[in-house]
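**Q** This is the structure I want to talk about, given as structure tokens.
The values are calculated or read from the model by the stated rules, or taken from the named source; none is laboratory data. Every value quoted in this text rests on a predicted model; they were computed, and no experiment measured them. Cβ atoms come from the backbone with ideal geometry, glycine included; neighbour counts cover every protein chain shown. Areas reflect the complete protein model, heavy atoms only, side chains present, ligands, DNA and RNA absent. Shrake-Rupley method; radii C 1.70, N 1.55, O 1.52, S 1.80 Å.
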Amino acid sequence: MVWIVAGLIALAAAGVCGYLTRRAHGRIRSMEATETLTTAELKELHRAAVEAAGEGVFRHRCEVVGVARPHRNGTLTSELEKVSCVWHKHKITRKYEETERNSDGEERTVTKHEVVAEHTTETAFFLEDGTGKTVIRPAGHDIDRAEKALDRFRPHHGGGQLTIGPLTIGARGSTIGFKEEEWVVRPGTRLYVHGEASDASGGRLAVGAPAERGVFIMSTRSEAELLRGENNRLLGFGIASGTAAVAAAVLLVIGAVNITG
């Protein structure tokens, strides 16, 4: 029975690695097949589409590169470190202890973690190149390799609540402490954005996540750096998937032999 369980675990691992392999392959294909446009080129495409079909129907997969600039309402301020930025995200993770009992009735204390607060901004910002500005709509998506402005563990010394920045968090049970993390993109940061340009929002042109299934990437890394990383993942997950599949087959055969024998 142990061999069967081990084989099923290996089979599940092969499935996960296979999924990650396909995901990396899809991102590589999407980046390699998508044209990088300047703001001027993108706006010219949009103008031609509006003249031909009117506003609100333009959709075009593209990549844009430039430096981040605040949108019309000015810069944002991150919630924990109060950094002036165009995008920010924070996550607060509670670390605590819990007593568990095994099948023999023996107790043990284990350390666990739970995310108690997490937020990513949705506010649009500009991406500026030498030909103009393109509106970027992050819509709550992460930005790859954003600057980590905060990475701190705050021990908990008792009390039912804890105030972190503007947040009030309950500290129930055997709370050890809280890990505070925050990421920001400051004005002037160079970004690569791969997504879909659309004027569906009142005829206003912006680049964001595809309306249908598709790849959306915002990154402080260049396209070349991203492709190198995805190719490395493709190779690594591919090898891991094949290895896990072979191991699963061997373990399941051994388990079947032991059962029938």
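**Q** Among 107-120, 191-204, what's the highest-first ranking by average C-beta atoms within 10 angstrom per residue?
**A** By packing density, highest mean first, the sequence is 191-204, 107-120.
**Q** Here's something else I'd like to know. Where does helix 2-33 land angle-wise versus the long Cα axis of the chain, in degrees 0 to 90, nearest 10?
**A** 10 degrees
**Q** Holding the Cα-Cα limit at 28 Å, pick out from Lys43/Lys89; Lys89/Lys133; Lys43/Lys148; Lys112/Lys148; Lys91/Lys133 the pairs that are longer than that.
**A** Lys43/Lys89; Lys43/Lys148; Lys91/Lys133
**Q** Order the following by accessible area, largest value first: Phe58, Phe237. Probe radius 1.4 Å; ligands, DNA and RNA are ignored.
**A** Phe237, Phe58
**Q** So how tilted is helix 39-53 from the main axis of the chain? Cα-based, degrees 0 to 90, rounded to 10.
**A** 80 degrees
**Q** Angle between the Cα long axis of helix 223-260 and the longest principal axis of the chain, 0 to 90 degrees, nearest 10?
**A** 30 degrees
**Q** Here is a follow-up. Using the Karplus curve 6.51 cos²θ - 1.76 cosθ + 1.60 with θ = phi - 60°, what ³J(HN,Hα) values do you get for each residue of the stretch 181-187, in whole Hz, with x for Gly and Pro?
**A** Per residue, the Karplus-derived 3J(HN,Hα) values read 10, 8, 10, 9, 10, 7, x Hz.
**Q** Could I ask something else about it? List, in order, the whole-Hz ³J(HN,Hα) value for each residue of the stretch 59-67 obtained from phi through the Karplus relation with A = 6.51, B = -1.76, C = 1.60 and θ = phi - 60°; use x for Gly and Pro.
**A** Rounded to whole hertz, the list is 9, 8, 5, 7, 10, 10, 9, x, 10.
**Q** What do you reckon, how do Ile136, Ile9 stack up by accessible area (1.4 Å probe), largest on top?
**A** Ile9, Ile136
**Q** In the neighborhood of Thr75, defined by Cβ-to-Cβ distances under 12 Å, what is the net charge if each Lys or Arg adds +1 and each Asp or Glu adds -1?
**A** +4
**Q** Based on alpha-carbon positions alone, could you give the equivalent ellipsoid semi-axes of the stretch 199-252 from the gyration tensor, as √(5λ), descending, whole Å?
**A** 38, 17, 5
**Q** For Ser174 and Asp129, FRET efficiency with R0 = 41 Å and r from the beta-carbon atoms, rounded to 0.05?
**A** It comes out at approximately 0.20.
**Q** Percent of Cα-Cα pairs more than 32 Å apart in the chain, please.
**A** Everything past 32 Å amounts to 46 percent.
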